[in-house]
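The values are calculated or read from the model by the stated rules, or taken from the named source; none is laboratory data. Please read all numbers here as calculations on a predicted model, not as lab measurements. In this analysis, Cβ positions are derived from the backbone assuming ideal geometry, glycine residues included, and neighbour counts consider all displayed protein chains.
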Amino acid sequence: MAKIICSEEDIIQTREFHARLWQLIKSIEDHEVFYKYPQADKLIQTLLIPRFLRADITTNDRGLIYVLYGDYHTGKSHLLTYFCTLMERCYPELWQKYELPIMQIDLNNHINTATQFLLFLLDKLGRPIDPRIVNSWNKEGLAKERLQQRVIALFEQLGTRMLILDECQRLLVARNPDLRDIFELLKDLCTKKNWSGNLRTQIVLCGTNDGIPLLEAADWIQGRTRILRLFELNVADFGALLIDLYRDYVTLGISREWTLMMPSNESTKYTLNSDLAAYLYTRTQGKVGLVVDLIRNAVLFALDNGRLFPEKNDYESIQLNQKLYLMNTEVVPKIDNSKEFKPKIHLTLRDRACQVENCPRMKTPFKRYSALVYHYQKNHTGIDFDYEVPK
């Protein structure tokens, strides 16, 4: 029978090994390992960092709202998390002086009015308002103005240079005229004249392709936004991402001996394992969010099993969550289209009239594109339609 532990020294070494594993697991779970790819680096360097640094410059009174959108799992949330941590590391003095230089929150499906949006922000800031006070302001017709003043005052107090609103497509669930007021509120929040000091919080919206109709929720938004789309990675960028991830994990303390990279002819250099890279690309379809989650979870799975590097079996044991977020929480019955043809309509952003024959809205166009989309979803459930995505 082999001796597993033969001395007190072996016990100490075993404890140290497991302590190291737990330290690595904690570091990874705290998001100390991130990804880098060309589009992310470009957006951070040319857009996010300049807006973050110019938050206290008063020369421009008309603030801009940036909108980042893309398909599911294209790395939007990973990009924003990476940016937030990068800023905290590069400018620690701001985090020492202020409580909340960057505020990143996910929107929910229950924001129907500008007042509810402000109450949501105050709650996330840890400063909820007594409903009785809000009711008294409502009676005076001043609820929105008072709440807006409170939010801006809190942003100034907390030193919030950037407000990042993720999952903004969820605002469409309300589907009511008050959505326009929410955008008017965002415009007011980033307009310098409403602030008393030098600071002005910069606003970044982030969401999926489902949120494209949000851009037509208010006419003023034209000229006040910059729209940027995140794409799936091509093969070359995907390989570069894998190499960067490998280097990040090795730098953190993960062993170099894992199958993502293989020793080259030169003993001191490693090259990408093309077979494993092709396997990962097939599983993730070049989507940054999926590949980061897959490798991260494979590394954690290996550490949990006492190994300092992941193997292919670790990747295969990870189930990726590729489920799409549904805009409608109602259960939609499945329709068997095998025997019956289901017509399909392609909507462009210029369309305002319904294209279904004999529909009364054929001759009475809608004012907004989003209203037309809602009309199809509510009244023509037997028709498939897709959105035009601006380039």
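Given the structure, is residue 298 of a type in the set (Gly, Ala, Ser) and crowded, with 17+ Cβ neighbours inside 10 Å? First the steps, then the outcome.
Working: of a type in the set (Gly, Ala, Ser): yes; crowded, with 17+ Cβ neighbours inside 10 Å: yes.
In short, yes.
Is there a residue in the stretch 278-289 that is within 26 Å of the chain's Cα centre (by Cα), among the β-branched types (Val, Ile, Thr) and surrounded by fewer than 21 Cβ atoms within 10 Å (Cβ to Cβ)?
Taking every residue of the stretch 278-289 in turn, at least one turns out to be within 26 Å of the chain's Cα centre (by Cα), among the β-branched types (Val, Ile, Thr) and surrounded by fewer than 21 Cβ atoms within 10 Å (Cβ to Cβ).
Please work out which residue is farthest from residue 309 (Cα to Cα), limiting yourself to the stretch 237-264 and to residues that are among the polar types (S, T, N, Q) and either out of contact with any Ser or Thr (no Cβ under 9 Å at 6 or more places or on another chain) or not assigned by TED's automatic domain parsing to the domain that holds residue 308 (or both).
Taking the candidates together, the pick is 251.
Please go through (1) at pLDDT 75 or above; (2) assigned by TED's automatic domain parsing to the domain that holds residue 203 for residue 24 and return the number of the only condition it doesn't satisfy.
Evaluating residue 24 over (1) at pLDDT 75 or above; (2) assigned by TED's automatic domain parsing to the domain that holds residue 203 leaves (2) as the failure.
Those residues that are more than 29 Å from residue 99 (Cα to Cα) and assigned to a helix (DSSP H, G or I), I need them from the stretch 132-153; list them, please.
135, 136, 138, 139, 140 - these are the residues of the stretch 132-153 that are more than 29 Å from residue 99 (Cα to Cα) and assigned to a helix (DSSP H, G or I).
Would you check which residues across the stretch 235-285 are assigned to a helix (DSSP H, G or I), farther than 20 Å from residue 27 by Cβ and among the polar types (S, T, N, Q) and list them?
Once the filter is applied, which keeps residues that are assigned to a helix (DSSP H, G or I), farther than 20 Å from residue 27 by Cβ and among the polar types (S, T, N, Q), the stretch 235-285 yields 274, 282, 284.
What do you reckon, is residue 318 at pLDDT 65 or above, assigned to a helix (DSSP H, G or I) and under 30 Å from residue 241 (Cβ atoms)?
On the way: at pLDDT 65 or above: yes; assigned to a helix (DSSP H, G or I): no; under 30 Å from residue 241 (Cβ atoms): yes.
It is false that residue 318 is at pLDDT 65 or above, assigned to a helix (DSSP H, G or I) and under 30 Å from residue 241 (Cβ atoms).
Is there any pair with a first residue in the stretch 242-262 that is without any contact (Cβ under 8 Å) to a residue 60 or more places away in the chain and of a type in the set (D, E, K, R) and a second that is surrounded by 14 or more Cβ atoms within 10 Å (Cβ to Cβ) and in a helix (DSSP H, G or I) whose Cβ atoms are under 9 Å apart and which are 6 or more apart or on different chains, and what are they?
As it stands, the answer is 256/246; 256/250, since those pairs meet every condition given.
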